[in-house]
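What follows is one structure encoded as structure tokens, with my remarks underneath.
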Amino acid sequence: MSRIWIDAAAALLAATLLGGCATSKEKLLPHGSSTMLDIWQQETGGSAGGGQGARQLLDARQGLRRPLTEADVQVASGVQARYTRTAQNEIYRQFHRLPNPDLVMYVFPHLAGTDPVPVPGYSTVFPLYQRVQYAMPGERVEDY
């Protein structure tokens with residue numbers, strides 16, 4: 001059963017390949033005398049600097065534009081103010097540091113090294129967490 005499918009697939013592949021060679025380049029891709037500039041001007045409806053087609057395009061764009069109302073201006077300024085850099089935003093950080101308490105550890109006197117050398121007791125301070133973590137805006141508002 002599988003031999004029949006393999007033979008049919010091979011015959012179909014051969015017919016497809018031979019059919020592709022039967023078409024001429026000129027028939028598939030005709031070569032005209034027009035340049036890219038001619039095609040551009042034909043498709044845009046006039047000269048590159050302006051013309052009737054360019055004027056129609058500008059009129060169509062003007063029809064889609066509308067002036068902003070006072071409510072639109074007030075809403076937009078409020079939304080944009082949160083993301084605009086100002087002196088106040090630079091002073092009052094948006095991303096507050098999360099608390100990372102310091103731990104104080106006392107190291108008792110001990111002997112250290114291959115030749116046991118006495119080391120006196122001492123205190124050391126290190127942060128609880130390895131990295132500094134930051135809160136998302138509005139996630140944590142109380143001061144630390």
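The values are calculated or read from the model by the stated rules, or taken from the named source; none is laboratory data. This structure is a prediction, so every number in the text was calculated from the model and none was measured. Backbone-built Cβ (ideal geometry, glycine too); neighbour counts: all protein chains shown.
Scanning the stretch 1-31 for residues that are outside any helix (DSSP H, G or I) and among the β-branched types (Val, Ile, Thr) returns a single hit, Thr23. Number of residues in the stretch 69-116 that are in a helix (DSSP H, G or I) and at pLDDT 80 or above equals 7. Whenever a residue of the stretch 50-79 is closer than 30 Å to Ile39 by Cβ, its partners that are surrounded by 10 or more Cβ atoms within 10 Å (Cβ to Cβ), lying with C-beta atoms within less than 6 angstrom and at least six residues away or across chains, give the pairs Gln52/Gly46; Gly53/Thr44; Gly53/Gly45; Gly53/Gly46; Ala54/Gly46.
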